[in-house]
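The values are calculated or read from the model by the stated rules, or taken from the named source; none is laboratory data. What you are looking at is a predicted structure, and each value in this text was computed from that prediction instead of being measured. With ideal geometry, Cβ positions are generated from the backbone for all residues, glycine too; neighbour counts draw on all protein chains shown.
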Amino acid sequence: MRCQTARKRISDELDGALPSGGGVRLEAHLRTCRACRVYREDLERIQAGTGLPEAPAGFWTAFERELEAKLSAEEAGRKRVEVPFAAGRRWAWAAAAALVLAGVSLWLALPRPGPAMTEAWVAADDILDPIVRAVESDPELAGLIDRELQASIEAMSPVGEAEAAGLTAADPLFWESLSDDELRAVVAALEKESGLGGPQ
Amino acid sequence: MDECPEASLVDDARRGGREAFAELVRRHERRVRGIALRMAGNAADADDLAQEVFLTAWKAVGSFRSGSSFYTWLYRIAVNTSLSFLKKKSREANRAPFDENRSAAVPRGDAAPGPESRSTLNELTARIDEAVADLPAHFRASFALVVDQGLSHADAARVLGCSENTVSWRMHKARKLLQARIKPFLEEARP
């Protein structure tokens with residue numbers, strides 16, 4: 001065994017970590033190597049002289065009191081951080097969420113044309129269809145309906161020509177827009193039509 | 001509460017039980033401060049670090065997995081908090097990289113004058129403390145866990161998040177450095 005290996009094993013031995021069987025070979029080396037024996041003695045003295053000083057009396061009571069104060073401050077700080085999620089705020093958030101939910105529900109519940117109404121329109125067409133076919137198969141009835149429709153259309157016509165002229169003549173802007181020659185022509189035509197004109 | 005199994009204390013603490021956590025603090029405070037003292041090298045910083053360790057543990061205990069070992073978890077917080085402190089201190093002091101930094105040796109205010117043999121032991125202890133304080137931080141962490149706290153290489157490896165071989169190698173290197181550093185004193189004091 002080389003001295004370097006032996007010294008590594010001396011260190012492991014001091015820590016109780018010497019692998020099984022390693023002790024025998026180490027002891028065999030130490031019997032023949034004085035330097036390693038001295039090294040082991042030195043390490044044993046170092047190990048024996050190592051130790052931490054005891055804390056002074058009353059130290060741990062003060063230590064625990066100080067730590068307790070710090071933990072309390074830490075918890076208080078944690079609670080302050082948690083304020084946004086405190087009970088009051090939680091109720092406010094819940095109320096806001098409920099309002100939004102109610103709004104969405106109302107919007108969804110609003111009546112709007114749906115498939116049922118479209119189907120109703122289709123159904124109305126289906127109702128009229130046999131009537132139209134019946135009218136078309138009866139020429140007399142078709143002629144009667146045509147006349148009725150024509151009369152309805154005429155009744156809905158705006159005005160006749162004479163009425164249209166009357167409406168135009170009643171408009172002062174019409175007369176203002178005519179030139180003197182046009183006015184004279186209109187007057188002459190009126191006198192001739194009504195016979196109110198004087199001797200030619 | 002004194003006889004209460006640690007697992008049930010941890011469960012209570014995870015549910016926000018301050019009394020259970022206080023009991024866990026009482027059980028581990030000496031060891032945690034010991035690690036901090038070895039790492040920081042002075043009592044004032046060690047006390048602050050120990051407080052910080054327990055505060056961090058309290059904040060994080062809710063995420064602690066009940067299947068794992070509480071003390072491993074707590075010591076890991078202690079080592080990591082100490083390493084962060086040393087890095088910060090190193091940056092503030094604008095020194096060499098933190099592995100190379102030197103911190104003050106563990107103060108021994110309680111060293112009372114006594115017989116010569118005791119005085120020699122105290123001096124040896126003081127020199128060892130100085131030499132340990134000069135170790136690179138990761139060696140010091142291994143030393144604190146294995147020698148000061150008596151953890152096995154396997155447990156120390158779990159705390160440090162490395163392999164057992166790494167812990168073994170660091171301990172070997174640390175001891176070599178310590179022996180070389182205080183060899184003159186050991187020679188003088190050799191019987």
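Beta carbons closer than 6 Å, at least 6 apart along the sequence or on distinct chains, pair a first residue in the stretch A:58-75 that is within 7 Å of chain B (Cβ to nearest Cβ) and free of Cβ contacts under 8 Å to residues at least 40 places away in the same chain with a second that is surrounded by 14 or more Cβ atoms within 10 Å (Cβ to Cβ) and in a helix (DSSP H, G or I) for A:L67/B:Q51; A:L67/B:F54; A:K70/B:L55; A:L71/B:W58.
Residues checked against (1) over 24 Å from B:E130 (Cα atoms); (2) touching an Asp or Glu at 6+ places or on another chain (Cβ under 9 Å); (3) among the aliphatic types (A, V, I, L, M):
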site: A:R7; (1), (2), (3): no, no, no
site: A:G16; (1), (2), (3): yes, no, no
site: A:G23; (1), (2), (3): yes, yes, no
site: A:L26; (1), (2), (3): yes, yes, yes
site: A:E41; (1), (2), (3): no, no, no
site: A:G51; (1), (2), (3): no, yes, no
site: A:A57; (1), (2), (3): yes, no, yes
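Would you check if A:P53 is modelled with pLDDT under 85 and within 30 Å of B:R30 (Cβ to Cβ)? Considered against the rule, which asks whether it is modelled with pLDDT under 85 and within 30 Å of B:R30 (Cβ to Cβ), A:P53 comes out as yes. Among the residues of the stretch B:182-191, those that are charged (D, E, K, R) and either touching a strand residue (DSSP E or B) at 6+ places or on another chain (Cβ under 6 Å) or facing chain A (nearest Cβ under 10 Å) (or both) comprise B:K183, B:E187, B:R190.
Could you list, in sequence order, the residues of the stretch A:14-45 that are part of a helix (DSSP H, G or I), hydrophobic (A, V, I, L, M, F, W, C) and within 8 Å of chain B (Cβ to nearest Cβ)? Full working, then the answer.
Residues of the stretch A:14-45 part of a helix (DSSP H, G or I): A:14, A:22-32, A:34-45.
Adding the requirement that they be hydrophobic (A, V, I, L, M, F, W, C) leaves A:14, A:24, A:26, A:28, A:30, A:35-36, A:38, A:43.
Listed by number, the residues that qualify are A:L14, A:L43.
The residues on offer are B:D129, B:D134, B:D155, B:D148, and the sole one that is touching a Gly at 6+ places or on another chain (Cβ under 8 Å) and among the acidic types (D, E) is B:D148. Just one of the listed residues (B:R140, B:R170) is more than 9 Å from chain A (Cβ to nearest Cβ), under 23 Å from B:K89 (Cβ atoms), part of a helix (DSSP H, G or I) and touching a Phe, Trp or Tyr at 6+ places or on another chain (Cβ under 9 Å), namely B:R170.
Scanning the stretch B:39-76 for residues that are in a helix (DSSP H, G or I), more than 23 Å from A:T61 (Cβ to Cβ) and without any contact (Cβ under 8 Å) to a residue 40 or more places away in the chain turns up B:K59, B:A60, B:S63, B:W73.
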